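Where a number appears in this text, it was derived from the coordinates with a stated rule and is not lab data. These numbers come from a predicted model, not from an experiment. Every residue, glycine among them, receives a Cβ derived from its backbone with ideal geometry; neighbour counts consider all protein chains shown.
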Ligand SMILES: [Ca+2]
């Protein structure tokens, strides 16, 4: 019995080290957190929609954050670029102060509730986006916490964005 356990164990180790390596394109980094996602952050003064389009042109999407490992990694990547306030792939159609229930990720997934990292007092749906517009797009601040912000901001308040894509398996 013990022999079989050793054999199974060794085969498992050999398999896991020979196959299943996840790789990212040049310039992209593999995020921890178990989802095999590649991440890259970009410095640019663009709207949330502009950031989404920029990610799509690189076969990626605005970054989706599903756990604390990913959040910390993305914050770290942002800090390496020495900036704060960055678009992520979250949005709501019904912004309201303190309402975290109607947010979703721009890939259409709705499990926003499984992990959130709102900054203190956020989302506040602060009304400074122009007449009849509230903050409805997700940004990460330099402290890694989340804030709802005006989707149309592109004047340098939000200084970049993060894109993510599925890693390839070797
Ligand atoms: Ca806000």
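Observations
- Beta carbons closer than 7 Å, at least 6 apart along the sequence or on distinct chains, pair a first residue in segment 123-144 that is on the phi > 0 side of the Ramachandran plot with a second that is in a loop (DSSP other than H, G, I, E, B) and more than 12 Å from the ligand (Cβ to nearest atom) for 144/117.
- A single entry from 162, 63, 68, 167 fulfils the requirement of being surrounded by fewer than 15 Cβ atoms within 10 Å (Cβ to Cβ) and away from the ligand (no atom under 16 Å from the Cβ): 68.
- Filtered residues of segment 47-68 (kept if over 12 Å from residue 138 (Cα atoms) and in contact with a helix residue (DSSP H, G or I) (Cβ under 6 Å, 6 or more places away or on another chain)): 61
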